[in-house]
1. Does segment 32-52 contain at least one residue that is under 20 Å from K93 (Cα atoms) and surrounded by 14 or more Cβ atoms within 10 Å (Cβ to Cβ)?
2. For segment 14-31, enumerate the residues that are assigned to a helix (DSSP H, G or I), surrounded by fewer than 16 Cβ atoms within 10 Å (Cβ to Cβ) and of a type in the set (G, A, S).
3. Go over the candidates I50, I79 one by one and state the one that is of a type in the set (A, V, I, L, M, F, W, C), touching a residue at least 60 places away in the same chain (Cβ under 8 Å) and in a helix (DSSP H, G or I).
4. Residues to consider are L85, L56; find the one that is touching a Lys or Arg at 6+ places or on another chain (Cβ under 9 Å), without any contact (Cβ under 8 Å) to a residue 12 or more places away in the chain and either surrounded by 14 or more Cβ atoms within 10 Å (Cβ to Cβ) or assigned to a helix (DSSP H, G or I) (or both).
5. Give segment 88-100 a look and list any residue that's in contact (Cβ under 8 Å) with a residue 12 or more places away in the chain and either of a type in the set (A, V, I, L, M) or outside any loop (DSSP other than H, G, I, E, B) (or both), or say none.
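Read the figures in this text as sums done on the coordinates, not as results from a lab. Model, not experiment: these values are computed from the prediction. Virtual Cβ from ideal backbone geometry, glycine too; neighbours counted across all protein chains shown.
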Amino acid sequence: MSTKALKFLQDQFGDLSFADMLNSLRTTDEVTQVDLAEAVGISKGLVCDIEKGRRLPTIEQAKVMAEYLGYPVEGFVSILIQDQLRKANLFMKVSVEKAS
């Protein structure tokens with residue numbers, strides 16, 4: 001996800017959760033939960049829990065999801081870390097960029 005696309009989504013929906021982002025992108029791209037689960041090596045139930053906001057993926061799982069769906073890993077990882085901070089009641093902003 002480009003920075004421009006992420007900013008657009010945040011402007012439209014406020015703070016974007018990993019759950020909402022994943023569900024929106026997966027369904028828009030017409031990828032099933034089963035297909036995503038198989039690509040990541042997790043259960044369909046875990047994909048469902050992630051999309052419902054009951055669980056968060058690991059950074060490694062978020063990376064594989066981004067790659068499988070064809071989006072930049074940095075966008076997935078930054079939203080995941082932002083969710084972790086929010087759930088810990090730490091009101092901080094995170095920025096993730098690819099190292100050179």
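1. no
2. Scanning segment 14-31 gives a single hit, S24.
3. On inspection, the qualifying residue turns out to be I79.
4. L85
5. Those that are in contact (Cβ under 8 Å) with a residue 12 or more places away in the chain and either of a type in the set (A, V, I, L, M) or outside any loop (DSSP other than H, G, I, E, B) (or both): V94, V96.
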